[in-house]
Structures are given as C-alpha cells and as structure tokens.
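Novice: Below: one structure in structure tokens.
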Amino acid sequence: MDFVGLILRPEPDQRYTILGVADYDGKPSVPDVKAGDVLLGVDGAPATGATMGQVWSLLGGIPGQTRSLTVERDGRHFTVDATVHRFLSAAPKKRKHP
C-alpha cells in the first residue's frame, strides 16, 4: 500500500478529521499534521464531500512522490507537503521444496 500515512475519520458534515499520522522509519510520516486537524484537500482537489475511496486515491501514488495537503487547524488553513510511502508491503512468498 503506497500512500500518505494519514488515519482519517469521515464526519457527518462530509469533512475528514485526521485521527493520527502513521509512523514511517520510527517518525511521523507527515510531521506537520496533528490529530484533530481536518483534511480539506489534496493537490488542489477537495476532500470535503468526496468519498473515502476518492480521498484514498488522492493520497496514493508512487513512493517518493509528494502530495500537497490543505489542512485546517483551529480555523486556519495551511498547506503541507507530504511524501507517499510504502506501508504494509507484501511478505515474500515461501517456496515449497520438492
């Protein structure tokens, strides 16, 4: 799974509250974002009113790509650059020996 490591909760007003930030290599994957912030948009596309699938699609990409997040905290809007990371990579398949 390759995406920006945000943990989101859809709200009745069609906005997405950030519940947390996934760690990557022992550090927050998006250090400028805090629990309780609201995700308003990704790369200029609005998150408010979008389906969860649409938002996850916006947050995805190729590891190393950057997504521009529009976030609200305490009534203020700001932009954060967030890197796409690989989370939960598939485990290597075990070989059966003859």
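Read the figures in this text as sums done on the coordinates, not as results from a lab. Note that the structure is a prediction, hence the values are computed from the model and not measured. Glycine also receives a Cβ, built like all others from the backbone with ideal geometry; neighbour counts cover every protein chain displayed.
Novice: Given (i) 57; (ii) 67; (iii) 61, which label gives percent of Cα pairs over 15 Å apart as computed from the coordinates?
Specialist: The listed entry that was calculated here is (iii).
Novice: Another question, then. Under a point-charge model restricted to the Cβ atoms of Lys and Arg (+1) and Asp and Glu (-1), what is the dipole moment magnitude of the chain relative to its Cα centre, in debye to the nearest 20? Please list the in-between numbers first.
Specialist: Details: 12 positive and 11 negative charges, 149 e Å.
It works out to roughly 720 debye.
Novice: What is the distance, in nm, between label points placed 7 Å from the Cα along the Cα-to-Cβ direction at L19 and at T66?
Specialist: Rounded to a tenth, the inter-label distance reads 3.0 nm.
Novice: Let me ask you something else. Can you show me the helix-derived [θ] at 222 nm for the chain, built from DSSP H runs with n ≥ 4 at -39,500 (n - 2.57) apiece and divided by the number of residues, rounded to the nearest 500.
Specialist: Working: 1 runs with 8 residues, N = 98.
One gets -2000 deg cm²/dmol as the mean residue ellipticity at 222 nm.
Novice: On to the next question. Report the extension gain between V80 and W56 in nm, rounded to one decimal, defined as 0.36 nm multiplied by the number of residues separating them, less their alpha carbon distance. It would help to have the intermediate numbers written out before the result.
Specialist: Numbers: separation 24, 0.36 × 24 = 8.64 nm, distance 1.68 nm.
Separation in residues times 0.36 nm, less the Cα-Cα distance, equals 7.0 nm.
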